[in-house]
Amino acid sequence: MEALEHSLFTVELFNRIFGKPVLAFLGLVGIEPKHPESPIPDYVVMCIFVAVFLIVTLGLASRRLTLVPSRRQTVLELVVQMFEGILTDIIGSQGKRYLPMIGTVGLFIFSANMLGLVPGFMSPTSKLNVTAGCALTVFVYYHWQGMKAQGVLKYLKHFTGPIPALAPLLLPIEIISHFSRPVSLSLRLFGNIFAEELLIVVIASIVPFVLPLPFMAVAIFTATIQAFVFVLLATIYIAGAVAHEEEHS
Amino acid sequence: MKKLKGLGILLFFVLVASSPLLAQEEAAVNPIRANLYKLSIIVGGAIITLAVAAGAFCQAKSISSACEGISRNPGAGPHIRFLLIFGLVLIETLVIYALLITIIIILIQWGNWA
């Protein structure tokens, strides 16, 4: 797969500006990058770009909020209401406190998926590193929220199931199914975005004139659906971890 | 006459667009373990074909029952549509797992190098 990678203009620019300090810092810690002239990999540059883009755009767009919303505020409120709708549908009225995490993950994955369609950029989510990072974040988050909502011992006792006699049978099954969740989350997102990007690259290397356009349209659709499904599954996992107290009361 | 002119321009642009097809190169060097290379390509193709056939059949079943459900109860349309999209993505995950294995097999070219 080395033949498919080519250096992007933005990545080279970033490495030319920030390459030397990062190389010096890595030398302090003791890490030797494989290519010393570009120590920052392309997906890290794209992640930084997505983060800066989201912070600047959403920070600037949420200034001067009024009671009667302007056009820009209506669009932002639509986005927030969409996330809140998903959360309250699945978790219940307590769902809104998980909005920062779910909103951040959803917007990050959506922007990262869409970034690959812009010429000169690549999707950071087309690398397993980034999608595994998102999936592990959601994994740690929902276990932490479950422990916070129910107490550590009570949360761990739910892994054994309703009947104590079946606990040795149910505990490995529950542990395996819980560990399969970040695996499936990361592989689903990575597989979809990487396969779509590979398809576009292969088509563009054969007929670059007009033929990649339908595939890029499908890539827009896939990017949106994959971000939505990631957010939906994260919400369902949070609901499964947090909502046990309501059954017992 | 005007239609012929339009068709002629269209044909010209199609030919110009497909000009990269003329730039095909020779096949690769003979590998040392030719049997493993041939077998790995056949296996890779078979994996993704079987996965896509099973996945498409199951997705078709889910779409058809979703359409029937909406036609019986149009008021439940949004709920059924949500469940449909969710179920389709879960089935497609399994097909993507098989696609990743095939990409690994085909792009690493098992048996092409010693």
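The values are calculated or read from the model by the stated rules, or taken from the named source; none is laboratory data. Note that this is a predicted model, so its numbers are computed, not measured. Positions of Cβ are generated from backbone atoms using ideal geometry, with glycine treated the same way; all protein chains shown enter the neighbour counts.
For region A:122-171, a tally of residues being at pLDDT below 90 and not small (Gly, Ala, Ser) returns 18. Do you know which of the residues in region A:1-34 that are surrounded by 11 or more Cβ atoms within 10 Å (Cβ to Cβ) and not in a helix (DSSP H, G or I) is modelled with the highest pLDDT? The qualifying residue modelled with the highest pLDDT is A:LEU8. Only residues that are buried (at least 20 other Cβ atoms within 10 Å of the Cβ) and aromatic (Phe, Trp, Tyr) were counted across region A:206-247, and they come to 2.
Counting the residues of region B:63-109 that are of a type outside the set (A, V, I, L, M) and away from every other protein chain (no Cβ under 14 Å) gives 11. Condition first: β-branched (Val, Ile, Thr), within 25 Å of A:PHE230 (Cβ to Cβ) and out of contact with any helix residue (DSSP H, G or I) (no Cβ under 8 Å at 6 or more places or on another chain). Now tell me which residues in region A:167-216 satisfy that. Within region A:167-216, A:ILE173, A:ILE176 qualify. When restricted to residues that are assigned to a helix (DSSP H, G or I) and surrounded by 12 or more Cβ atoms within 10 Å (Cβ to Cβ), region B:32-60 contains 19. For region A:164-181, the criterion of being within 23 Å of A:ASP42 (Cβ to Cβ), among the hydrophobic types (A, V, I, L, M, F, W, C) and either loosely packed, with under 13 Cβ neighbours inside 10 Å or in the same structural domain as A:TYR98 (by TED's automatic domain parsing) (or both) is met by none of the residues.
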